[in-house]
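The values are calculated or read from the model by the stated rules, or taken from the named source; none is laboratory data. Just so you know, these numbers come straight off a predicted model, no measurement behind them. All Cβ positions, even for glycine, are placed from backbone atoms using ideal geometry, and neighbour counts span all protein chains on display.
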There are 2 protein chains.
Amino acid sequence: MIKDDILKNIEHAYTNPSSCRDCRMNSLCISNVLRPEELYKLDQIIKRGSPFQAQQAIFKSGDKYTSLYAVRSGSVKTFCLDTDGREQVTGFYLPGETFGWDGLNTNYHQNTAVALETTSVCELPYHQLELLGSTTPPVSKHVVKLIGKEINTNQKLIALLAANSAHQRVASLLLSISARLAKQKLSSTRFRLPMSRGEISNYLGLTVETVSRAFSYFQRTGYLKVNKKEIELVDKQRLERLLTHPEECE
Amino acid sequence: MIKDDILKNIEHAYTNPSSCRDCRMNSLCISNVLRPEELYKLDQIIKRGSPFQAQQAIFKSGDKYTSLYAVRSGSVKTFCLDTDGREQVTGFYLPGETFGWDGLNTNYHQNTAVALETTSVCELPYHQLELLGSTTPPVSKHVVKLIGKEINTNQKLIALLAANSAHQRVASLLLSISARLAKQKLSSTRFRLPMSRGEISNYLGLTVETVSRAFSYFQRTGYLKVNKKEIELVDKQRLERLLTHPEECE
DNA sequence: CGGACCTTTGAAGACATTCAAGGCCTGTGG
DNA sequence: CCACAGGCCTTGAATGTCTTCAAAGGTCCG
C-alpha cells in the first residue's frame with residue numbers, strides 16, 4: 001500500500017535525517033517528538049508548492065492568514081512596514097525553521113515574507129493543522145512549542161537590540177546562524193550568508209556602514225575570514241566571549 | 001443554584017464591563033468573543049490568589065511553566081537575564097493583559113515576572129486550559145489569538161528598538177500605555193506610570209539619564225506635563241507625529 | 001532626622017550615523 | 001567581447017546622538 005510506503009519513508013527519515021529529500025519534517029525539530037504515525041498524518045496535510053525565486057514573496061502583509069510555513073531549503077526574511085513606511089526586518093529563517101505566526105492574532109499577516117534565495121517551503125494549512133491537533137494531541141502540543149520558540153527568539157532579539165553594541169550584535173547574529181546550521185548538521189564554521197549587508201543592518205538596528213565596518217574589524221582582528229557573503233568563523237570562542245565579557249576583548 | 005448565580009454574574013459582566021469586580025475576564029478581551037457558558041467554564045478554572053506586593057515575583061526564570069496569567073489590577077514587568085547576567089526588561093503588562101507565554105517552548109519560564117505595585121492576577125492553569133480548549137474550541141481559539149497578540153507586541157518592540165531615536169522610543173511607550181488604558185475605559189491622557197525611570201530605560205534600550213532628559217524635553221516643549229510618575233499627555237497628536245514624521249517636529 | 005534610592009541636570013567623551021567617494025561584481029547592450 | 005550602468009559593499013572624515021561620569025536635589029521610610 002502507498003500509505004505504508006510513505007510511512008516507511010518517514011520512519012526512515014526519522015532515524016536517518018539526511019536521507020529525507022522530499023520533506024524536512026524531520027528538520028522541523030519534530031523527529032524525536034512525534035511518532036511515525038503522527039508524522040505521517042502531519043505529512044499528509046503538507047502542501048508542497050514549487051520553489052520560490054529570490055526576492056519572491058511567500059506571503060504579504062495584509063494577506064489572509066491561512067498557513068504557517070517551514071523552510072525546506074533556502075532561506076527567508078520577514079519584515080513589517082514601520083510607522084513611517086520603512087521596512088523593518090523582523091526575522092531570518094533557515095532550513096528546518098518555521099515562520100508565519102504573525103497572523104495568529106488578527107487572522108491577517110502583519111509581516112511580509114520573502115525568499116532570500118531560491119527557496120522551497122512546506123506549507124501547513126492552519127485550519128487542517130487545527131483539526132489534526134484536535135484528534136492528535138501530540139501534534140498540537142508540538143505546534144505550541146514551535147510558537148513558544150518564536151516568542152523566545154523574539155525576546156532574545158529584543159535583549160540584543162536593547163543592550164548590545166554594534167560589534168556584539170553582528171557577532172551574535174553570526175553565532176546564531178552558526179548554531180542553527182549546526183542543528184541541521186551543516187558546517188557551523190564555514191557558511192554563506194543568504195542576506196545582504198543591508199538586510200543585516202536593518203535587522204540589527206544599525207546602518208550598512210556600521211555592519212560593514214564590523215565585518216572588517218572582525219576580519220582584521222582574526223575573529224573571522226570574510227569573503228563577500230562567505231564567512232569562516234576562525235575564533236568562535238573569542239566571538240562568544242565578546243558577548244559575555246566584552247571588556248576582555250580589548 | 002450556585003452555578004446559575006455565577007452564570008448570571010458573568011452574563012451581567014458581559015454586558016456591563018465595569019460591574020465585574022471579582023474577575024477581569026471581560027478585560028481579557030474575551031467579552032465579545034466567548035459566549036456566557038464558555039466564559040463560565042473558563043471562569044471555573046481560574047485560580048485567584050491573594051494579591052502580590054510590589055517587587056514580589058509571580059514566577060521566576062527556571063520555574064516550571066504551569067499557568068499563564070492575566071493582570072486583574074496593578075501591573076507587572078517581565079525580564080530575562082542577559083548573556084552577561086544583566087536584567088533585560090521584556091515587557092510591561094497592564095490590567096486586562098496576559099503574560100507568561102515565555103514557557104511554551106521549553107516548559108520552563110525563561111523570564112521572571114514581578115509585580116510593579118500591589119497587583120492581583122488571574123492564574124489559568126495551562127493544563128486545564130488545554131483540556132477545556134479540546135472540548136470548547138472557541139476557548140482554544142481565543143488563547144491562540146492571545147498568543148498571537150504577544151508575538152505582534154514583541155515584533156513592534158523589535159521595530160521600535162531597531163529604528164527609533166531615544167525621543168521616539170519614550171514617546172512610543174507613553175502612547176502605547178495611553179492606548180492600552182483607553183481600552184480599559186481609563187483615562188488615556190492622565191495616568192500614573194507604574195514603572196521607574198530605570199525600568200523604562202532598560203526596556204527601551206537607553207540609559208536612565210537619556211530617559212529622564214526625554215521627559216524633561218517633552219515637558220519643556222509642551223508635549224507632556226510630568227510630575228514624577230504622573231503623566232499628562234498635553235499634545236498627543238504631536239507626539240504621534242513625532243513617530244511618523246520626526247522631521248516636522250523641529 | 002538621616003540615609004538610601006530614584007531622579008534630574010551638566011559636561012565630557014565614545015560610539016554609531018551621516019555624508020561622500022571609490023571599488024567590485026553582475027548583467028545588459030552595443 | 002568589451003563597455004558601461006547599477007547594485008552592493010567598503011572606507012574615510014565629520015557630525016550628532018547617546019552614554020558615561022559626576023554631582024546635587026527630592027522623596028520615601030526607617
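Yes/no matrix, rows are residues, columns are (1) within 16 Å of the chain's Cα centre (by Cα); (2) under 30 Å from A:Ile158 (Cα atoms); (3) modelled with pLDDT of 80 or more:
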| position | (1), (2), (3) |
| --- | --- |
| A:Ala13 | no, no, no |
| A:Ser19 | no, no, no |
| A:Arg24 | yes, yes, no |
| A:Leu28 | yes, yes, no |
| A:Pro51 | no, no, yes |
| A:Gln55 | no, yes, yes |
| A:Gly62 | no, yes, yes |
| A:Ala70 | yes, yes, yes |
| A:Gly74 | yes, yes, yes |
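With respect to the stated conditions, A:Tyr40 is free of Cβ contacts under 8 Å to residues at least 60 places away in the same chain, in contact with a helix residue (DSSP H, G or I) (Cβ under 8 Å, 6 or more places away or on another chain) and not small (Gly, Ala, Ser). Scanning the stretch A:63-74 for residues that are crowded, with 21+ Cβ neighbours inside 10 Å and within 25 Å of A:Lys229 (Cα to Cα) returns A:Ala70, A:Val71, A:Arg72. Filtering the stretch A:92-102 to residues that are on the phi < 0 side of the Ramachandran plot, in contact with a helix residue (DSSP H, G or I) (Cβ under 9 Å, 6 or more places away or on another chain) and more than 7 Å from chain B (Cβ to nearest Cβ) leaves A:Phe92, A:Leu94, A:Pro95, A:Glu97, A:Thr98, A:Phe99.
Take A:Arg180 and decide whether it is closer than 30 Å to B:Gly91 by Cα, more than 12 Å from DNA strand D (Cβ to nearest atom), more than 10 Å from chain B (Cβ to nearest Cβ) and not hydrophobic (A, V, I, L, M, F, W, C).
yes
Would you check if A:Glu150 is in contact (Cβ under 8 Å) with a residue 12 or more places away in the chain, closer than 23 Å to B:Ser67 by Cβ and not in a strand (DSSP E or B)? In short, yes.
Examine the stretch A:192-200 for a residue that is more than 14 Å from DNA strand D (Cβ to nearest atom) and surrounded by 15 or more Cβ atoms within 10 Å (Cβ to Cβ), and state whether such a residue exists. Walk me through how you get there before you give the answer.
Of all residues in the stretch A:192-200, those more than 14 Å from DNA strand D (Cβ to nearest atom) come to none.
No.
Of the set (1) within 30 Å of A:Ser165 (Cα to Cα); (2) out of contact with any helix residue (DSSP H, G or I) (no Cβ under 8 Å at 6 or more places or on another chain), all apply to B:Arg220 but (1). A Cβ distance below 6 Å, combined with a sequence gap of six or more or placement on separate chains, defines the contacts here; from the stretch A:201-219, residues that are within 13 Å of another protein chain (Cβ to nearest Cβ) reach residues that are surrounded by fewer than 15 Cβ atoms within 10 Å (Cβ to Cβ) and outside any loop (DSSP other than H, G, I, E, B) in the pairs A:Ser201/A:Val208. Within the stretch A:103-141, being more than 17 Å from B:Thr135 (Cα to Cα), within 9 Å of another protein chain (Cβ to nearest Cβ) and of a type in the set (Gly, Ala, Ser) holds for one residue alone: A:Gly103. Restricting A:Gly133, A:Gly148 to residues that are more than 14 Å from DNA strand C (Cβ to nearest atom) and under 17 Å from the mean Cα position of the chain (by Cα) narrows the list to A:Gly148. When the criteria are applied in full, B:Gln155 meets the requirement of being free of Cβ contacts under 8 Å to residues at least 60 places away in the same chain and either under 16 Å from B:Ser73 (Cα atoms) or crowded, with 21+ Cβ neighbours inside 10 Å (or both). Every listed requirement among (1) within 14 Å of chain A (Cβ to nearest Cβ); (2) near DNA strand C (Cβ under 9 Å from one of its atoms) is met by B:Lys156 save one, (2).
Taken as a whole, the structure leaves A:Ser165 outside the set of residues that are buried (at least 18 other Cβ atoms within 10 Å of the Cβ) and either within 14 Å of another protein chain (Cβ to nearest Cβ) or away from DNA strand C (no atom under 14 Å from the Cβ) (or both). For first residues located in the stretch A:81-100 and in contact (Cβ under 8 Å) with a residue 40 or more places away in the chain, partners that are buried (at least 17 other Cβ atoms within 10 Å of the Cβ) and among the basic types (Lys, Arg) and lie 6+ apart or on another chain with Cβ distances below 6 Å form the pairs A:Val89/A:Lys77; A:Phe92/A:Lys77; A:Leu94/A:Arg180; A:Gly96/A:Arg24. If A:Arg241 satisfies every condition in (1) crowded, with 16+ Cβ neighbours inside 10 Å; (2) of a type outside the set (S, T, N, Q); (3) more than 15 Å from DNA strand D (Cβ to nearest atom); (4) under 15 Å from A:Arg169 (Cα atoms) but one, which is the exception? Looking at each condition in turn, A:Arg241 falls short on (1).
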